[in-house]
1. Within the stretch 199-213, identify whether any single residue is outside any loop (DSSP other than H, G, I, E, B), surrounded by fewer than 13 Cβ atoms within 10 Å (Cβ to Cβ) and touching a Phe, Trp or Tyr at 6+ places or on another chain (Cβ under 8 Å), and answer yes or no.
2. Scanning for something assigned to a loop (DSSP other than H, G, I, E, B) and of a type in the set (Asp, Glu), does the stretch 108-122 turn up at least one residue?
3. Considering (1) in a strand (DSSP E or B); (2) farther than 27 Å from Ser122 by Cβ, say which one Gly26 fails and leave the rest.
4. What number of residues in the stretch 64-102 are without any contact (Cβ under 8 Å) to a residue 60 or more places away in the chain, acidic (Asp, Glu) and outside any helix (DSSP H, G or I)?
5. Taking the conditions exactly as written (surrounded by 15 or more Cβ atoms within 10 Å (Cβ to Cβ), in a strand (DSSP E or B) and either among the basic types (Lys, Arg) or not assigned by TED's automatic domain parsing to the domain that holds Phe110 (or both)), does Lys61 satisfy them or not?
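The values are calculated or read from the model by the stated rules, or taken from the named source; none is laboratory data. Worth saying up front: this structure is predicted, and the values here are computed from it rather than measured. Neighbour counts are summed over all protein chains in view; Cβ atoms, including those assigned to glycine, are modelled from backbone coordinates with ideal geometry.
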Amino acid sequence: MIITKLKDIDEIYNMIEPYSKILIVGCDGCCQPPRSLNEAKTLGQMLELKAKMNGKDLKYKAITCLRQCDDRIAGSTIKPHIEDYEAILSLACGIGPATLNRIFDDILTFPAQNSMFNGAESHGDNRYEEYCDCCGDCLLGVTGGICPVATCAKGLHNGPCGGQVEGKCEVGGYKYPCAWILIYERLKKFNRLDLFTKYRPPIDYRNMESPGHLTLLEEYTNEEEEVEE
């Protein structure tokens, strides 16, 4: 899931201040904490109150969308509502406002959130952990399921540096475990230290280039078109 954080209310208000009618769009997708209809309504009330404090009248409508990152879902969900509004305020991760600005190029969409990272929830200690950097060349098969790119603070690809002490990484003040020590211990547990010494070629940064582009296979696209017909 993608972890997000609501922007400061003053920052959000400054973005939409020139407009008197805004559409606030929540997202039912993978953002955590959830930013759906209730959150959209609450934000609208806060902005409405702030506008009144500044002697202005703000009208808003709060809706939600299944996934703002899907252009067809977002388009069909939001299009019926935008005609009466001057701007859109998105409660999705950064992909949401980027997508909406592309779909609806005659109206500005502003972000209400900051995207922090993509991670998994650990209920035991009430934490979110980042496990994947979407590097395009997954190493989990040779590192015991622990990603050195995302887990190592330095993104080291072929083993630990000299900055670990008693299994703790120097980055962050020796609070967090060294990724490569974790990898070593896990592979040792399963008697697979042969993988630890396995040669790993340098990272192919062409798979991580930004902005990333991904084209569906032609067969998949054709099958999808047939279903739509």
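1. No, that holds for no residue.
2. no
3. Exception for Gly26: condition (2).
4. 1
5. When the stated conditions are applied, Lys61 passes them.
Conditions (1) of a type in the set (Lys, Arg); (2) closer than 23 Å to Lys154 by Cα; (3) modelled with pLDDT under 90; (4) in the same structural domain as Gly144 (by TED's automatic domain parsing), marked per residue:
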site: Arg186; (1), (2), (3), (4): yes, yes, no, yes
site: Phe190; (1), (2), (3), (4): no, no, no, yes
site: Pro211; (1), (2), (3), (4): no, yes, yes, no
site: Leu216; (1), (2), (3), (4): no, no, yes, no
site: Tyr220; (1), (2), (3), (4): no, no, yes, no
site: Glu224; (1), (2), (3), (4): no, no, yes, no
